[in-house]
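Here is the structure we will look at, set down as structure tokens.
Rule-based calculations on the coordinates, nothing more; no lab input. Quick caveat, the model's predicted, so the values are computed rather than measured.
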Amino acid sequence: MRALRTRGGHAKGSFFEQGHHTPGGYLFGETPPAPGHHRHWEAWEGPWYFTLGAATLMLTLGLTARPDSSLTHWADKEAEKRIDGTA
């Protein structure tokens, strides 16, 4: 069996080995803003949060207002009709 060539630009070793990046202690490598300043949103953050909120609202309202289409609910209605004799 021939030896397989390694692909990619990574160093020798397995996928789970410790990397060469020294952790700096900041989330996503961002440095905190200077005192008195605040972090500005990236261009994608506003639309992303709006879309997430709108989807959550639509799902919450839509799923609570859906019709009851369970088989047992239909069977209960059908049984009541047959008992009353209106079938």
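Quick look at the numbers
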{"read-out": "Calculated from backbone phi, Karplus (6.51, -1.76, 1.60) coupling profile of region 33-50 in Hz, x at Gly/Pro", "value": "x, 5, x, x, 10, 10, 6, 8, 6, 6, 5, 8, 6, x, x, 5, 5, 4"}
{"read-out": "Whether region 17-87 is rounded, prolate or oblate, judged on the alpha carbon gyration tensor where a/c under 1.5 counts as rounded", "value": "prolate"}
